[in-house]
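*Asks:* This is the structure, below, for whatever I ask next.
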Amino acid sequence: MAGIKSFGAYVPWLRLSREVIAKGWGIPGAPGTVAVANFDEDSVTMAVEAALNCVEGFDPASIGGVLFASTTAPYAEKSLASLVATVLDAPENAHTADFAVSLRASTSALLTALDAAACGRADNIVVTAGETRVAEPITPWEQTLGDGAGALLVGEGEGVIAEYLGFHSLKDEIMFTWRRAEEDHMLREFNARMAQSMGYEKVMVRAIKGAMKELGLSPESVARAVFTAPDFRSHGRIAAKCGFNPTAGQVQDALFAFVGGTGTAQPLMMMAHALESGLKEGDVVLLAHYADGADVLAFKVTGALAQLPPRRAVNSCLAAQHPLDSLARFMRYRGLTVIPTLDDFGSPVQTWRDNSQVYPLHGAKCNKCGFVRFPIDRVCGRCRARDDNTEVRLARRGRVFTFIHDNLYPAVELPTTLAVVDLEDGARIFLQMTDRVPDEVEVDMEVELTFRLIHKGDEWNHYFWKCRPARRGGE
Amino acid sequence: MTCSIHDVAIIGGGASKVFGEQFGKSADDLLFEACFEALDDAGVGVEEIQAGWIGIAYPFTGLSGATMADPIKLYDIPITHTENYCCSGMDAFRNACLAVASGMYDMVMACGVEKITDQGGRGLPGLGQQHPVIFRGITAPSAFGLAFERHRKEFGLTREDLAHVAVKNHANGAAHPRAHFRREVTLEQVIKAPSISGPLGLLDCCPISDGAAALVITRKDIARKYRDDFVTVRALALSVYSNWLPFQPDFDYLAWRPTVKAAEQAYRQAGIEDPLREIDLAEVHDCFTITEILNIEDLGFCRKGEGGRFVREGRANVDGDVAINPSGGLKCFGHPIGATGCRMVFEVMRQLQGRAEGKQREGAKTGMAHNLGGLGGTVCGIAILSSEDRFK
């Protein structure tokens with residue numbers, strides 16, 4: 001039995017109210033917010049966090065694959081799946097693959113993982129997608145697009161919480177939204193009405209109906225219809241056409257109210273949200289995603305869902321939010337205004353050498369006296385034991401020993417909160433603090449670690465860990 | 001002959017005419033001013049110098065002993081470039097003294113220079129070991145300022161306590177003809193200045209300055225031939241800790257460990273038991289106001305946690321229990337890194353000779369120079385000088 005074994009999601013902390021966008025341009029605004037990646041986040045850092053939430057409680061050594069999907073990956077050439085797998089501490093022989101270009105990259109990855117699990121080629125495959133699409137200012141897309149990430153763990157056997165029943169897929173050659181590889185940073189479209197009615201509505205409905213017919217399902221037999229949409233209105237338009245009843249809780253919320261359209265990540269986020277929202281054994285779930293064609297997958301919830309320990313997905317992320325009150329800051333985060341470049345130092349050689357310290361954040365533990373420290377060194381600073389360490393994964397939570405809000409470091413946004421943190425395993429580490437309200441930072445406050453973009457020195461992205469005030473969720 | 005550091009004498013000192021933004025001068029110009037002033041002050045010809053040491057922290061200022069040789073044409077002798085972060089100048093002085101004490105040389109010169117304002121950017125240019133991501137974000141003021149929250153929690157240190165240091169040092173620096181900042185500031189001005197890092201505002205930070213300083217060093221028995229009012233060395237300490245302070249679980253941010261350790265060495269060498277009573281003045285490393293408060297405690301002038309009150313009550317004033325930074329310190333001279341240690345020794349020498357250029361500590365007989373380096377205290381050098389041991 002192949003299927004989904006776990007789920008996770010991530011929604012960035014900052015929420016930009018549509019009113020703030022509207023006021024900024026003097027145009028009408030819709031209610032609600034869109035989720036905005038902080039300046040130190042991108043599609044891959046968010047996908048990392050969703051994936052970490054997803055594999056919480058699973059042995060990293062059991063991970064058989066890491067598939068990363070995004071149309072906004074930070075590199076045009078360079079695997080990010082390998083980066084995500086390294087941060088997750090996945091074994092060297094875990095299969096890594098990157099899915100890109102199409103907004104259906106995530107469902108493509110999911111199908112690949114399900115096929116691999118079904119044929120017994122791999123187990124515990126992490127499928128993760130992150131998205132940070134940029135809309136042209138003053139277009140409706142600006143109030144529609146949001147940032148986020150979702151992740152599903154795919155495998156086979158007793159741990160499957162949602163058994164894979166089958167899929168149905170339709171192609172649709174259409175100019176709906178696009179970004180040219182060389183020329184475009186922002187989303188383009190031509191005739192939204194045509195695209196919505198002839199593309200999304202027509203093809204999505206046909207695909208969902210086709211899937212139900214192929215799998216012998218009636219609309220009534222579907223406990224939860226998880227279908228994505230390019231925008232809020234379109235989502236509302238097709239439920240009835242498919243025979244679903246949105247008022248009876250049959251239709252999964254598409255997250256437009258507070259998160260926005262997260263492109264590739266949307267189906268994984270919505271599926272994660274569904275799996276943490278009241279599904280029970282025997283429930284049939286349809287997952288449908290449209291982008292120049294539609295992928296529809298069907299699952300049946302097993303008794304294992306109730307056994308899966310709580311984890312962080314959409315609900316806990318929705319609770320951790322902070323208003324972004326400035327359109328200017330939003331535009332700066334999106335690279336839509338000129339910001340001073342941080343002339344920082346980078347060496348791919350050093351980072352490669354220190355891969356296990358930088359990405360999965362390993363430290364050294366003295367075999368003689370148990371002293372845990374970071375970075376890894378060869379002589380124990382407590383007992384002077386020489387070359388007698390075990391490399392260990394450092395704790396991801398700790399307390400602030402001391403901190404300062406610095407205005408001198410040339411960051412995208414000031415101040416930079418710097419913290420000296422005592423991790424739960426006794427290691428002490430210096431980290432920048434993110435997603436915090438400066439006035440609320442204090443000595444002894446509890447923090448947790450989050451994987452972020454540190455700088456782009458020497459023309460490549462330097463990722464490392466930061467800390468942030470500890471959040472609830474996953475307990 | 002058998003010598004010790006107590007046989008080492010300083011017979012001449014000099015510095016760049018003024019510290020500050022010397023846009024019109026090169027490192028060579030600054031060294032020319034400092035070295036020839038020191039030589040002329042000693043009455044020593046450049047050809048009499050047998051060896052040299054030059055403290056420089058930044059490669060862009062200059063590399064190798066030739067940086068010292070070229071501006072004064074001191075060719076064909078051993079000259080060593082010392083680098084030990086902000087303590088580079090003090091280490092040049094220390095090595096020069098040790099060379100004389102070893103009996104290897106009779107007449108040497110130590111100097112230091114930094115030409116920072118040829119660079120762009122805000123604050124000090126990057127310094128020290130670098131990792132692409134680990135330890136990123138640290139700045140000089142934040143590295144020291146991280147001590148504030150710990151001191152506030154443990155001892156109730158306040159923002160005002162920090163400001164009192166700036167007010168005192170500005171009052172001293174205002175009287176010094178070579179200082180970068182020659183103006184007094186009020187408590188209110190210090191507190192209201194924009195934050196550079198946490199509680200450290202613009203006026204809590206030393207400025208970005210160029211400068212140079214130089215010292216002519218010989219043995220006591222030779223010194224007498226050049227002048228009567230030379231000063232002698234009582235202690236030369238250096239203590240090096242770690243580049244990784246915020247990663248050391250045992251580092252409590254209550255004291256700068258290298259200062260504590262260097263002070264232990266220095267007081268042992270000098271036979272000092274009660275520094276507050278036995279030391280008349282100290283030029284200490286006040287790169288930031290909070291650093292001076294910890295220095296005062298670490299050097300044993302008061303108990304741990306009482307440094308803020310010590311300054312607030314005027315006990316660190318020029319006429320207080322011990323004059324802390326009678327020159328105005330780094331706060332007013334800035335911190336041309338390689339030069340600072342030598343600048344401090346030069347100031348202490350003039351104080352002990354009773355010819356301070358700024359405010360004079362009356363009757364000064366024993367003085368200290370304290371030079372701290374690294375991001376929050378990696379290395380500390382201390383020199384204790386005396387005007388009383390000349391004829392011992």
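*Asks:* Here are the criteria: (1) in a loop (DSSP other than H, G, I, E, B); (2) surrounded by fewer than 20 Cβ atoms within 10 Å (Cβ to Cβ). Tell me which single one A:ARG193 does not satisfy.
*Replies:* (1)
*Asks:* Also, quick follow-up: Mind checking whether some residue in the range A:389-399 is surrounded by 15 or more Cβ atoms within 10 Å (Cβ to Cβ) and touching a Cys at 6+ places or on another chain (Cβ under 8 Å)?
*Replies:* Looking through the range A:389-399, at least one residue is surrounded by 15 or more Cβ atoms within 10 Å (Cβ to Cβ) and touching a Cys at 6+ places or on another chain (Cβ under 8 Å).
Quick grid of which residues meet (1) in contact with a strand residue (DSSP E or B) (Cβ under 8 Å, 6 or more places away or on another chain); (2) closer than 30 Å to B:VAL233 by Cβ:
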residue	(1), (2)
B:GLU83	yes, yes
B:GLN130	no, no
B:PRO141	yes, no
B:ARG150	yes, no
B:LYS168	yes, yes
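*Asks:* Look through B:HIS164, B:HIS151 and report the one residue that is under 28 Å from B:SER88 (Cβ atoms) and more than 7 Å from chain A (Cβ to nearest Cβ).
*Replies:* Going through B:HIS164, B:HIS151 in turn, the sole match is B:HIS151.
*Asks:* Please note which strands (runs of 3 or more DSSP E) are completely contained in the range A:1-111 and include at least 2 residues that are touching a helix residue (DSSP H, G or I) at 6+ places or on another chain (Cβ under 6 Å). Give the steps one after another, and end with the answer.
*Replies:* Values: elements: A:2-10, A:14-17, A:33-36, A:65-69, A:95-99.
In the range A:1-111, the matching strands (runs of 3 or more DSSP E) lie at A:2-10, A:65-69, A:95-99.
*Asks:* Can you tell me which residue is surrounded by the most Cβ atoms within 10 Å (Cβ to Cβ) among those in the range B:336-368 that are under 25 Å from B:PRO207 (Cα atoms) and free of Cβ contacts under 8 Å to residues at least 60 places away in the same chain?
*Replies:* B:ALA356
*Asks:* Still on this structure, I have one more. Could you grab me the full set of residues in the range B:149-172 that are among the small types (Gly, Ala, Ser) and over 14 Å from B:CYS206 (Cβ atoms)?
*Replies:* Passing the criteria: B:GLY156, B:ALA163, B:ALA171.
*Asks:* B:GLU48: over 22 Å from the mean Cα position of the chain (by Cα), among the charged types (D, E, K, R) and under 26 Å from B:ALA235 (Cα atoms), yes or no? Outline the logic, then answer.
*Replies:* Working: over 22 Å from the mean Cα position of the chain (by Cα): yes; among the charged types (D, E, K, R): yes; under 26 Å from B:ALA235 (Cα atoms): yes.
Spelling it out, B:GLU48 is indeed over 22 Å from the mean Cα position of the chain (by Cα), among the charged types (D, E, K, R) and under 26 Å from B:ALA235 (Cα atoms).
*Asks:* If I go through the range B:369-388 residue by residue, how many of them are surrounded by 23 or more Cβ atoms within 10 Å (Cβ to Cβ), under 20 Å from B:ALA15 (Cβ atoms) and among the polar types (S, T, N, Q)?
*Replies:* 1
*Asks:* I need the full set of residues from the range B:103-132 which are within 14 Å of chain A (Cβ to nearest Cβ) and in contact (Cβ under 8 Å) with a residue 40 or more places away in the chain, in order please.
*Replies:* Once the filter is applied, which keeps residues that are within 14 Å of chain A (Cβ to nearest Cβ) and in contact (Cβ under 8 Å) with a residue 40 or more places away in the chain, the range B:103-132 yields B:GLN119, B:GLY123, B:LEU124, B:PRO125, B:LEU127, B:GLY128, B:GLN129.
*Asks:* Still on this structure, I have one more. So in the range A:443-475, with the set limited to residues that are more than 9 Å from chain B (Cβ to nearest Cβ) and on the phi > 0 side of the Ramachandran plot, which one is modelled with the highest pLDDT?
*Replies:* Once the filter is applied, the top-ranked residue is A:GLU459.
*Asks:* Quick check, is A:LEU318 surrounded by 15 or more Cβ atoms within 10 Å (Cβ to Cβ), modelled with pLDDT under 90 and under 21 Å from A:LEU145 (Cβ atoms)?
*Replies:* Criteria not met by A:LEU318.
*Asks:* While we're here: Given the criterion touching a residue at least 12 places away in the same chain (Cβ under 8 Å), over 18 Å from A:CYS54 (Cα atoms) and of a type in the set (A, V, I, L, M, F, W, C), identify the matching residue among A:ALA298, A:ALA272.
*Replies:* A:ALA298
*Asks:* Among the residues of the range A:401-416 satisfying the criterion of being assigned to a loop (DSSP other than H, G, I, E, B) and touching a residue at least 40 places away in the same chain (Cβ under 8 Å), which is surrounded by the fewest Cβ atoms within 10 Å (Cβ to Cβ)?
*Replies:* Among those that are assigned to a loop (DSSP other than H, G, I, E, B) and touching a residue at least 40 places away in the same chain (Cβ under 8 Å), it is A:GLU413.
*Asks:* Considering each residue of the range A:337-361, count those that are within 12 Å of chain B (Cβ to nearest Cβ) and modelled with pLDDT of 85 or more, and give that number.
*Replies:* 13
*Asks:* Before we move on, is A:ARG233 surrounded by 18 or more Cβ atoms within 10 Å (Cβ to Cβ), in the same structural domain as A:ARG179 (by TED's automatic domain parsing) and out of contact with any Leu (no Cβ under 8 Å at 6 or more places or on another chain)?
*Replies:* Details: surrounded by 18 or more Cβ atoms within 10 Å (Cβ to Cβ): no; in the same structural domain as A:ARG179 (by TED's automatic domain parsing): yes; out of contact with any Leu (no Cβ under 8 Å at 6 or more places or on another chain): yes.
No.
*Asks:* Within the range A:386-394, can one find any residue that is assigned to a strand (DSSP E or B) and in contact (Cβ under 8 Å) with a residue 40 or more places away in the chain?
*Replies:* Scanning the range A:386-394, I find at least one residue that is assigned to a strand (DSSP E or B) and in contact (Cβ under 8 Å) with a residue 40 or more places away in the chain, so the answer is yes.
*Asks:* Quickly run through the range A:417-442 and pick out the residues that are assigned to a loop (DSSP other than H, G, I, E, B) and either within 9 Å of chain B (Cβ to nearest Cβ) or over 16 Å from B:GLY198 (Cβ atoms) (or both).
*Replies:* Passing the criteria: A:GLU424, A:ASP425, A:GLY426, A:ALA427, A:THR434, A:ASP435, A:GLU442.
*Asks:* Filter the range A:366-414 down to the residues that are within 9 Å of another protein chain (Cβ to nearest Cβ) and basic (Lys, Arg), then identify the one that is farthest from A:PHE39 (Cα to Cα).
*Replies:* Result: A:ARG382.
*Asks:* Would you pick out the residues in the range B:345-372 that are in a helix (DSSP H, G or I) and in contact with a Lys or Arg (Cβ under 8 Å, 6 or more places away or on another chain)?
*Replies:* Passing the criteria: B:GLN351, B:LEU352.
*Asks:* With the requirement that a residue be outside any strand (DSSP E or B) and charged (D, E, K, R), what does the range A:443-475 give you?
*Replies:* Restricting attention to the range A:443-475, the residues satisfying the condition of being outside any strand (DSSP E or B) are A:443-445, A:456-461, A:470-475.
Selection gives A:ASP444, A:LYS456, A:ASP458, A:GLU459, A:ARG471, A:ARG472, A:GLU475.
*Asks:* Now for a different question. Within the range B:110-152, restricting attention to residues that are hydrophobic (A, V, I, L, M, F, W, C) and in a loop (DSSP other than H, G, I, E, B), which residue is surrounded by the fewest Cβ atoms within 10 Å (Cβ to Cβ)?
*Replies:* Among those residues, the one meeting the criterion is B:LEU127.
*Asks:* Which of the following residues is over 30 Å from A:SER277 (Cα atoms) and away from chain B (no Cβ under 14 Å): A:ARG312, A:ARG334? Show your work before the answer.
*Replies:* Numbers: A:ARG312 fails: over 30 Å from A:SER277 (Cα atoms).
So the residue among A:ARG312, A:ARG334 that is over 30 Å from A:SER277 (Cα atoms) and away from chain B (no Cβ under 14 Å) is A:ARG334.
*Asks:* Which ranges mark the strands (runs of 3 or more DSSP E) fully within the range B:155-253 that have 3 or more residues being crowded, with 22+ Cβ neighbours inside 10 Å?
*Replies:* Qualifying strands (runs of 3 or more DSSP E): B:211-219, B:231-240.
The values are calculated or read from the model by the stated rules, or taken from the named source; none is laboratory data. These figures come from a predicted structure and were not determined experimentally. Virtual Cβ from ideal backbone geometry, glycine too; neighbours counted across all protein chains shown.
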